[in-house]
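Reading through the structure tokens given below for one structure.
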Amino acid sequence: MWLKAIDHIQVTSTPELEADMLFFYGQALGLSEIPKPASLQAVGAWYQLGNTQVHIATEPEIHNATTRRHIAFQVEDLEAFRQHLQKLNVEIIPDLQPLVNCDRFYLRDPAGNRIEILAYH
């Protein structure tokens with residue numbers, strides 16, 4: 001097998017939504033921000049979750065809100081995390097295709113990137 005792991009995931013937003021994106025990933029999702037290389041420090045942010053990084057980048061025009069592509073984050077307590085997000089007025093999108101081995105829901109970040117939140121049982 002050639003591939004070893006996911007190193008990072010990049011999600012995009014327009015420059016106008018950058019502050020909302022940084023709040024969402026840093027505060028609502030609680031990811032730990034890490035330093036970026038000096039050449040990339042002008043915009044966005046990088047976050048660390050275990051061995052995987054999530055990079056926030058800006059582009060002049062994006063079409064995230066119409067796609068099913070997504071990041072999936074696993075949590076220990078799905079209901080507690082749902083309540084945390086609801087307190088921050090993050091819209092929860094119900095799972096319309098339940099799986100046998102996990103419970104999940106979806107949300108969209110401020111730029112429309114789709115995010116799956118799941119807990120295995």
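What the phi angles of region 66-73 give under the Karplus curve with 6.51, -1.76 and 1.60, with θ = phi - 60°, is a coupling list of 9, 10, 8, 4, 6, 9, 10, 10 Hz, glycine and proline written as x. All distinct Cα pairs of the chain go into the 1/r average, and the inverse of that average, the Kirkwood radius, is 15.3 Å.
Per-residue Karplus couplings for region 103-116, computed as 6.51 cos²θ - 1.76 cosθ + 1.60 with θ equal to phi - 60°, are listed in order as 10, 7, 8, 10, 8, 10, 6, x, 9, x, 5, 7, 10, 9 Hz, Gly and Pro entered as x. The H on the amide N of Thr58, modeled in the peptide plane, is under 5 Å from the matching H of Ser13, each at least 5 residues off or on a different chain.
Taking the centroid of alpha carbons for each part, region 1-58 and region 60-97 are 16 Å apart. Computed from the alpha carbon positions, the gyration tensor of region 78-121 leads to an equivalent ellipsoid with semi-axes of 18, 13, 7 Å, biggest first.
Relative to the longest principal axis of the Cα atoms of the chain, the long axis of helix 78-87 lies at roughly 60 degrees. Dividing the summed helix terms, -39500 (n - 2.57) for each DSSP H run of n ≥ 4, by the number of residues in the chain produces a 222 nm estimate of -3500 deg cm²/dmol to the nearest 500. For region 49-61, the Karplus equation 6.51 cos²θ - 1.76 cosθ + 1.60, evaluated at θ = phi - 60°, returns couplings of 9, x, 8, 10, 9, 10, 9, 9, 10, 10, 9, x, 9 Hz by residue, with Gly and Pro reported as x.
Dividing the mean sequence gap of close Cα pairs (under 8 Å, 6+ apart) by how many residues the chain holds gives a relative contact order of 28 percent.
Quick note: the coordinates plus some simple rules give every number you see, no bench work behind them. Since this is a predicted model, take the numbers as computed values, not measurements.
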